[in-house]
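I have placed the structure first, in the form of C-alpha coordinates, so that the comments after it can refer back to it.
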Amino acid sequence: KLEMSVDTFYNKDFYSPTAIKELSSFIEDNYSHEEQNQNQAEQNGKSKKKTRTLIIHRGRIRHLIERLETYITYINQKYFGYDLYPFSNHDNCLLNIYEPKGEYGYHVDGSRSDKWDMKLTVLVNLSTQPYTGGDLMIFNGNEYKVEELSIPGSVVMIKSYLNHKVTPVLSGQRKTLTIFGCGPSFK
(Lines give C-alpha, C1' and ligand atoms only; values in the text may rest on other atoms or scores of the structure.)
Protein backbone atom coordinates (compact mmCIF):
# COMPACT_ATOMS: atom_id res chain seq x y z
CA LYS A 1 0.00 0.00 0.00
CA LEU A 2 1.41 3.39 -1.03
CA GLU A 3 0.84 6.41 1.15
CA MET A 4 2.26 9.93 1.45
CA SER A 5 2.16 12.36 4.33
CA VAL A 6 3.64 15.85 4.31
CA ASP A 7 7.12 14.62 5.23
CA THR A 8 7.18 10.90 4.48
CA PHE A 9 6.24 8.36 1.87
CA TYR A 10 5.77 4.71 2.75
CA ASN A 11 4.95 1.30 1.36
CA LYS A 12 4.03 -1.21 4.06
CA ASP A 13 4.75 -4.45 2.22
CA PHE A 14 7.56 -3.81 -0.22
CA TYR A 15 9.70 -6.84 0.75
CA SER A 16 8.41 -10.31 1.59
CA PRO A 17 9.70 -12.18 4.69
CA THR A 18 11.89 -14.33 2.39
CA ALA A 19 13.37 -11.26 0.68
CA ILE A 20 13.98 -9.58 4.06
CA LYS A 21 15.97 -12.57 5.28
CA GLU A 22 17.92 -12.87 2.01
CA LEU A 23 18.89 -9.19 1.93
CA SER A 24 19.80 -9.02 5.63
CA SER A 25 21.85 -12.23 5.52
CA PHE A 26 23.66 -11.21 2.34
CA ILE A 27 24.74 -7.88 3.85
CA GLU A 28 25.83 -9.50 7.13
CA ASP A 29 27.93 -12.03 5.20
CA ASN A 30 29.40 -9.59 2.63
CA TYR A 31 29.70 -6.11 4.15
CA SER A 32 32.90 -4.17 3.42
CA HIS A 33 33.40 -2.59 6.85
CA GLU A 34 31.75 -1.45 10.04
CA GLU A 35 31.01 2.23 10.67
CA GLN A 36 33.40 3.88 13.11
CA ASN A 37 32.29 6.35 15.79
CA GLN A 38 34.00 9.33 14.12
CA ASN A 39 31.51 9.10 11.24
CA GLN A 40 28.46 9.32 13.48
CA ALA A 41 26.34 12.26 14.63
CA GLU A 42 27.58 13.69 17.90
CA GLN A 43 26.31 15.81 20.74
CA ASN A 44 28.74 17.21 23.29
CA GLY A 45 31.46 14.92 21.93
CA LYS A 46 29.40 11.73 22.41
CA SER A 47 27.89 9.66 19.63
CA LYS A 48 24.10 9.90 19.32
CA LYS A 49 24.11 6.50 17.65
CA LYS A 50 24.16 3.29 19.68
CA THR A 51 23.97 0.62 17.04
CA ARG A 52 26.17 -1.66 15.00
CA THR A 53 26.30 -0.35 11.44
CA LEU A 54 27.53 -2.54 8.58
CA ILE A 55 28.47 -0.75 5.37
CA ILE A 56 28.22 -2.33 1.95
CA HIS A 57 28.63 -0.77 -1.48
CA ARG A 58 25.41 -0.58 -3.44
CA GLY A 59 26.96 -2.56 -6.30
CA ARG A 60 27.36 -5.62 -4.04
CA ILE A 61 23.63 -5.74 -3.30
CA ARG A 62 22.27 -4.23 -6.50
CA HIS A 63 20.77 -7.61 -7.50
CA LEU A 64 18.69 -7.49 -4.30
CA ILE A 65 17.71 -3.79 -4.35
CA GLU A 66 17.34 -2.97 -8.05
CA ARG A 67 13.54 -2.89 -7.78
CA LEU A 68 13.87 -0.61 -4.72
CA GLU A 69 16.16 1.79 -6.62
CA THR A 70 13.65 2.02 -9.47
CA TYR A 71 10.90 2.60 -6.93
CA ILE A 72 12.87 5.38 -5.17
CA THR A 73 13.42 7.13 -8.50
CA TYR A 74 9.72 6.88 -9.37
CA ILE A 75 8.49 8.11 -5.96
CA ASN A 76 10.99 10.98 -5.99
CA GLN A 77 9.80 12.11 -9.43
CA LYS A 78 6.12 11.81 -8.51
CA TYR A 79 6.08 13.10 -4.92
CA PHE A 80 9.32 14.81 -3.86
CA GLY A 81 10.74 16.31 -7.08
CA TYR A 82 14.38 16.44 -5.97
CA ASP A 83 17.27 16.66 -8.43
CA LEU A 84 19.01 13.34 -7.63
CA TYR A 85 22.15 11.75 -9.01
CA PRO A 86 21.77 8.27 -10.53
CA PHE A 87 22.54 5.48 -8.09
CA SER A 88 26.18 4.37 -8.20
CA ASN A 89 27.69 0.99 -7.43
CA HIS A 90 30.16 2.80 -5.15
CA ASP A 91 27.56 4.47 -2.90
CA ASN A 92 27.33 3.12 0.63
CA CYS A 93 24.27 1.38 2.03
CA LEU A 94 24.00 0.97 5.81
CA LEU A 95 22.57 -1.95 7.75
CA ASN A 96 21.82 -0.65 11.26
CA ILE A 97 21.44 -3.41 13.85
CA TYR A 98 19.87 -2.25 17.11
CA GLU A 99 20.09 -4.53 20.14
CA PRO A 100 18.32 -3.72 23.46
CA LYS A 101 19.24 -0.16 24.57
CA GLY A 102 20.31 0.64 20.99
CA GLU A 103 19.07 4.01 19.80
CA TYR A 104 19.91 6.98 17.60
CA GLY A 105 19.25 10.47 19.00
CA TYR A 106 17.76 13.32 17.03
CA HIS A 107 19.80 14.15 13.93
CA VAL A 108 19.51 15.18 10.30
CA ASP A 109 21.19 13.35 7.44
CA GLY A 110 23.51 15.57 5.46
CA SER A 111 26.76 15.97 3.63
CA ARG A 112 29.89 17.85 4.64
CA SER A 113 30.44 18.67 0.96
CA ASP A 114 29.63 21.99 -0.68
CA LYS A 115 28.99 20.12 -3.98
CA TRP A 116 26.19 17.71 -3.03
CA ASP A 117 23.56 17.00 -0.37
CA MET A 118 21.62 14.06 0.95
CA LYS A 119 18.03 14.73 -0.06
CA LEU A 120 16.10 11.52 0.65
CA THR A 121 16.67 9.05 3.46
CA VAL A 122 15.21 5.68 2.55
CA LEU A 123 14.70 3.17 5.37
CA VAL A 124 13.75 -0.48 4.93
CA ASN A 125 12.76 -2.58 7.94
CA LEU A 126 14.79 -5.79 7.58
CA SER A 127 14.03 -7.15 11.06
CA THR A 128 13.89 -10.93 11.12
CA GLN A 129 12.80 -11.26 14.75
CA PRO A 130 10.25 -9.38 16.86
CA TYR A 131 11.36 -6.30 18.81
CA THR A 132 9.83 -3.63 21.00
CA GLY A 133 10.77 0.03 21.07
CA GLY A 134 13.00 1.28 18.25
CA ASP A 135 10.39 3.71 16.95
CA LEU A 136 11.25 6.17 14.19
CA MET A 137 10.29 9.65 15.39
CA ILE A 138 10.27 12.85 13.34
CA PHE A 139 10.26 16.37 14.70
CA ASN A 140 8.96 19.00 12.31
CA GLY A 141 7.36 21.54 14.65
CA ASN A 142 5.73 18.61 16.46
CA GLU A 143 7.07 15.17 17.27
CA TYR A 144 5.35 12.21 15.66
CA LYS A 145 5.97 8.50 15.30
CA VAL A 146 6.30 6.90 11.86
CA GLU A 147 4.30 3.76 12.64
CA GLU A 148 4.78 2.26 9.18
CA LEU A 149 8.50 1.55 9.69
CA SER A 150 7.72 -0.88 12.52
CA ILE A 151 6.42 -3.41 9.96
CA PRO A 152 9.14 -5.72 8.57
CA GLY A 153 9.40 -5.32 4.80
CA SER A 154 8.15 -1.75 4.83
CA VAL A 155 9.93 1.11 3.06
CA VAL A 156 9.82 4.67 4.39
CA MET A 157 11.26 7.70 2.58
CA ILE A 158 11.80 10.97 4.44
CA LYS A 159 13.31 14.30 3.54
CA SER A 160 16.88 13.96 4.83
CA TYR A 161 16.93 17.42 6.41
CA LEU A 162 14.10 16.50 8.82
CA ASN A 163 15.10 16.03 12.44
CA HIS A 164 14.56 12.33 13.22
CA LYS A 165 15.56 9.70 15.77
CA VAL A 166 15.18 6.05 16.75
CA THR A 167 13.94 5.50 20.30
CA PRO A 168 15.71 2.87 22.44
CA VAL A 169 15.04 -0.76 21.55
CA LEU A 170 13.58 -2.46 24.62
CA SER A 171 13.77 -6.09 23.52
CA GLY A 172 14.64 -8.14 20.45
CA GLN A 173 16.64 -6.90 17.49
CA ARG A 174 15.72 -4.13 15.04
CA LYS A 175 17.42 -4.05 11.62
CA THR A 176 17.04 -1.32 9.03
CA LEU A 177 18.71 -0.75 5.70
CA THR A 178 19.45 2.91 4.95
CA ILE A 179 19.94 4.22 1.43
CA PHE A 180 20.43 7.89 0.64
CA GLY A 181 19.16 9.73 -2.42
CA CYS A 182 21.80 12.39 -3.12
CA GLY A 183 22.02 15.26 -5.56
CA PRO A 184 23.52 18.69 -6.21
CA SER A 185 23.69 21.03 -3.21
CA PHE A 186 20.47 22.75 -2.22
CA LYS A 187 20.50 26.34 -3.42
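The values are calculated or read from the model by the stated rules, or taken from the named source; none is laboratory data. Model, not experiment: these values are computed from the prediction. Here the Cβ is made from the backbone with ideal geometry for all residues, glycine too, and neighbour counts use every protein chain on show. Protein only, heavy atoms only, side chains kept; ligands, DNA and RNA dropped before computing areas. Shrake-Rupley method; radii C 1.70, N 1.55, O 1.52, S 1.80 Å.
Per DSSP H run of at least 4 residues, take -39500 (n - 2.57); add these up for the chain, divide by its residues and hand me the 222 nm value, nearest 500 deg cm²/dmol. Mind showing how you got there, number by number?
Values: 2 runs with 32 residues, N = 187.
So the helix-based figure for the chain works out to -5500 deg cm²/dmol.
Distant-in-sequence amide contacts of Gly133, defined by a placed amide H-H separation under 5 Å and a gap of 5 or more residues or a different chain, comprise Leu170.
Largest to smallest in accessible area, the residues His63, His90 fall in the order His90, His63 (1.4 Å probe, all protein chains included). Residues Val108, Val124, sorted by accessible area with the largest first, give Val108, Val124 [1.4 Å probe; ligands and nucleic acids excluded].
Which of the trypsin sites (Lys or Arg not before Pro) across the stretch 44-79 are loop residues per DSSP, with 16 or fewer other Cβ within 10 Å? For trypsin sites (Lys or Arg not before Pro) across the stretch 44-79 that sit outside H, G, I, E and B with at most 16 neighbouring Cβ atoms in 10 Å, the list reads Lys48. Since only Cys182, His107, Leu95 are under comparison, the one whose Cα sits farthest along the positive direction of the charge dipole of the chain, derived from C-beta charges on Lys, Arg, Asp and Glu, is His107. Stretched out straight at 0.36 nm per residue, the stretch from Thr128 to Asp83 would grow longer than its current Cα-Cα span by 12.8 nm.
Charging the Cβ of each Asp and Glu at -1 and of each Lys and Arg at +1, and nothing else, the dipole of the chain about its Cα centre rounds to 140 debye.
With R₀ fixed at 35 Å, the C-beta to C-beta distance from Ser113 to Lys21 puts the FRET efficiency at about 0.50.
Between the amide H of Lys48 and those of Ala41, Glu42, Gln43, distances stay under 5 Å, these residues lying 5 or more places away or on another chain, with hydrogens modeled in the peptide plane.
Bridgeable lysines around Lys159 (alpha carbons under 21 Å apart, same-chain partners fewer than 8 residues away excluded): Lys1, Lys12, Lys48, Lys49, Lys78, Lys115, Lys119, Lys145, Lys175, Lys187.
In the stretch 99-187, what chymotrypsin sites (Phe, Trp or Tyr not before Pro) fall in a loop by DSSP, with at most 14 other Cβ atoms inside 10 Å?
On the way: sites: Tyr104, Tyr106, Trp116, Tyr131, Phe139, Tyr144, Tyr161, Phe180, Phe186; in loops: Tyr161, Phe186.
Sparse-neighbourhood loop chymotrypsin sites (Phe, Trp or Tyr not before Pro): Phe186.
Taking all protein chains as they are arranged and a probe of 1.4 Å, the heavy atoms of Ser171 leave approximately 50 Å² accessible to solvent.
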